[in-house]
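Data block below; observations after.
The values are calculated or read from the model by the stated rules, or taken from the named source; none is laboratory data. Source: prediction; values computed, not measured. Because the Cβ atoms are built from the backbone with ideal geometry, glycine has one as well, and the counts that use them run over all protein chains shown. When the accessible area is computed, the model is the full protein with side chains, heavy atoms only, and any ligands, DNA or RNA have been set aside. Shrake-Rupley method; radii C 1.70, N 1.55, O 1.52, S 1.80 Å.
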Amino acid sequence: MLEYLAVQFKPDIERERREIMREISSLLLREPINAPAMEAHYDAFMKLWDRGTEADLPISNDEEQMVDTFLGSLPQCLLHIVFMRLTLGKGLTWSTLSHEWKNAVSLQRRQFDPAVQAQAMATGSRQ
């Protein structure tokens, strides 16, 4: 009886996989590009990728595909920021990309956050 119920209420895995792939492929970071938007984009990507792992999507186990997919979701102007700190010859792993993304978010926050700028100006004026 339990097996019958499990089959009847089993989620449509293929439909779920297609939906996740559609969402991943349509995920793009759009204007305005600021630290909160960058953090939200990263979080949305990770949630979708985790859903893909749960649905056993073939790409979810491929780190190179993960890196390529995330980079493909970024506007050209951010690709430079992400890569500017990477050294040549160093393999681009998800761990490296994730670390550099967090650095880029931090840089964006320092450069464009009015509160941080005001604090920097106040600190600079006391020197």
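Rounded to the nearest whole Hz, the Karplus-based 3J(HN,Hα) values (6.51 cos²θ - 1.76 cosθ + 1.60, θ = phi - 60°) of region 16-28 follow the sequence 4, 4, 4, 5, 5, 4, 5, 5, 5, 6, 9, 6, 9, with x at glycine and proline. What FRET efficiency would be calculated for the residue pair LEU79, ARG22, taking the C-beta separation as r and a Förster radius of 30 Å, to the nearest 0.05? In this case the efficiency is close to 0.80.
Multiplying the sequence separation of GLN65 and LEU92 by 0.36 nm and subtracting their Cα-Cα distance, what value in nm do you get? Kindly include the intermediate steps, with their values, before the conclusion.
Details: separation 27, 0.36 × 27 = 9.72 nm, distance 1.13 nm.
Here the segment from GLN65 to LEU92 would lengthen by 8.6 nm.
What FRET efficiency would be calculated for the residue pair GLN111, ARG15, taking the C-beta separation as r and a Förster radius of 30 Å, to the nearest 0.05? The value I calculate is 0.10.
Using only the heavy atoms of the protein chains and a 1.4 Å probe, how would MET21, MET38, MET121, MET66 rank by accessible area, largest first?
Values: MET21 75, MET38 0, MET121 140, MET66 20 Å².
In descending accessible area the options line up as MET121, MET21, MET66, MET38.
Considering only DSSP states other than H, G, I, E and B, which trypsin sites (Lys or Arg not before Pro) in region 28-83 qualify as loop sites with at most 13 other Cβ atoms within 10 Å? Filter output for region 28-83: ARG30.
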